[in-house]
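Every read-out reported here was derived from the displayed coordinates using simple, explicitly stated rules and does not represent laboratory data. Note that the structure is a prediction, hence the values are computed from the model and not measured. Please note: Cβ atoms are built from the backbone with ideal geometry, for glycine as well, and neighbour counts cover all protein chains shown.
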Amino acid sequence: MSQNGHCPDIPPSPVPVIIPATDHPIKVHDIDGEALKVLYRLRDAGFAGYLVGGGVRDLYLGQRPKDFDISTNARPGQLRKLFRNSRTIGRRFRLVQVFFRGGKIIEVSTLRSRSEYDINDIDKVLPSNNTFGTLPEDAFRRDLTINSLFYEIEHNTIIDYVGGVKDLDQGIIRIVGEPDRRVTRDPVRIMRVVRHAARNGFRIEEQSWQAIIRHRHKLDLCPPSRIRDELLRDLRSGKSEPWTRTVLKSRIFTTILPFYAEILDGARGRQRQQELLALTRVLDRLHGQSSDDYRIEIPDYMLFTTLLVPWAEERFDLLQQRLHGPAHHTLSREIRAELDSLFSERFNIKRLDKEA
């Protein structure tokens with residue numbers, strides 16, 4: 001936020017593009033029934049309620065959203081009174097979960113003016129306090145233009161402050177606001193850019209692409225648990241091969257897994273890259289075989305093992321060359337120490353988890 005309280009990424013007096021129902025593909029009957037109940041109750045109580053984020057994006061693309069998230073100008077306390085079947089979660093940013101039969105949960109958030117993470121120190125990425133905001137402030141604090149759209153049920157319109165609909169139509173991933181500033185504030189946005197490009201087959205807009213390359217090293221400033229969780233999401237996405245291709249091209253892969261840096265260069269390195277792509281294709285095939293009736297759940301340790309196979313092959317090639325005498329045991333200890341460092345320090349995984 002600037003000193004006058006105005007977020008520097010928001011232009012003065014932003015005017016949204018309103019896309020009427022006749023000009024977009026989203027239909028009310030495509031929206032989850034429980035989400036509609038929440039939206040109608042908010043409206044009847046005098047509050048504004050919007051379907052927001054990935055739900056709007058996926059419906060626009062003709063996909064079934066995994067979640068139907070809602071934003072509103074109602075405060076958390078007002079939401080708790082309005083929805084008795086709810087609870088508040090979160091400390092820095094309070095989110096209200098509304099419960100329905102069958103275990104269905106609809107998450108409702110109050111419009112806010114700041115992102116959940118901000119950088120306050122040259123060496124740290126720290127969570128910041130969240131503040132309530134307006135519709136344009138909520139749009140401009142989001143990560144990507146295609147995730148910054150609002151759908152309102154009163155007139156079945158899409159509200160677009162950031163050009164997200166145009167980017168959806170053209171297949172573009174674009175960071176909201178000034179890319180260098182946004183990825184510096186929260187470097188994990190780098191991983192989200194790549195994720196959405198891979199999942200949707202979109203291209204990354206040039207300024208956004210250059211920003212993630214320039215600032216990829218800032219991922220080292222993020223809490224290991226955030227990097228771990230984002231990485232696992234990508235490996236489970238069903239699009240891990242195109243994701244791997246992009247993180248290799250941008251060298252984000254060796255930022256996340258620095259012990260690969262010397263392995264992926266040269267002709268031998270290109271072979272290892274092809275092995276990584278082949279392994280992630282297997283993950284994607286397994287994901288494609290899952291259904292509502294039969295889900296294939298791959299444990300975390302197996303996903304990490306997939307990424308380690310080319311590295312282990314490289315190291316075991318050395319083992320074959322140094323198989324005699326104490327050198328074998330020395331190199332084995334080196335490999336164990338490197339793995340311990342990777343899982344304990346890089347991804348905040350304790351030894352008990354590794355040995356499970």
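Tabulated results
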{"item": "Cα shape, region 160-259, gyration tensor, a/c 1.5 rule", "result": "oblate"}
{"item": "At R0 = 22 Å, FRET efficiency that the Cβ-Cβ distance of ARG84 and PHE132 yields, to 0.05", "result": "0.45"}
{"item": "Point-to-point label distance, ASP44-ASP23, nm (Cα→Cβ direction, 7 Å offset)", "result": "3.2"}
{"item": "Burial ordering of ASP234, ASP180, fewest other beta-carbon atoms within 10 Å first", "result": "ASP180, ASP234"}
{"item": "Cα-based shape type of region 17-179, given that a ≥ b ≥ c are square roots of the gyration tensor eigenvalues and the cut on a/c is 1.5", "result": "oblate"}
{"item": "Stretch gain in nm, segment ASN348-GLN170, where the contour uses 0.36 nm per residue and the Cα spacing is subtracted", "result": "60.2 nm"}
{"item": "Whole-Hz ³J(HN,Hα) from phi, Karplus 6.51 cos²θ - 1.76 cosθ + 1.60, for region 274-290, glycine and proline x", "result": "5, 5, 4, 5, 5, 5, 6, 4, 5, 4, 5, 5, 4, 4, x, 7, 6"}
{"item": "Two-site FRET efficiency, LEU95 against GLU313, from Cβ-Cβ distance with R₀ of 56 Å, rounded to 0.05", "result": "0.80"}
{"item": "Global geometry of region 7-78, whether rounded, prolate or oblate, following the gyration tensor of its Cα atoms and the 1.5 cut on a/c", "result": "oblate"}
{"item": "Charge context of ARG43, other residues only, Cβ under 12 angstrom, K/R +1, D/E -1", "result": "-1"}
{"item": "Simple spin-label estimate for GLU334 and LEU277 in nanometres, 7 Å along Cα-Cβ", "result": "3.0"}
{"item": "Proxy reagent accessibility, fewest Cβ within 10 Å first, across LEU231, LEU279", "result": "LEU279, LEU231"}
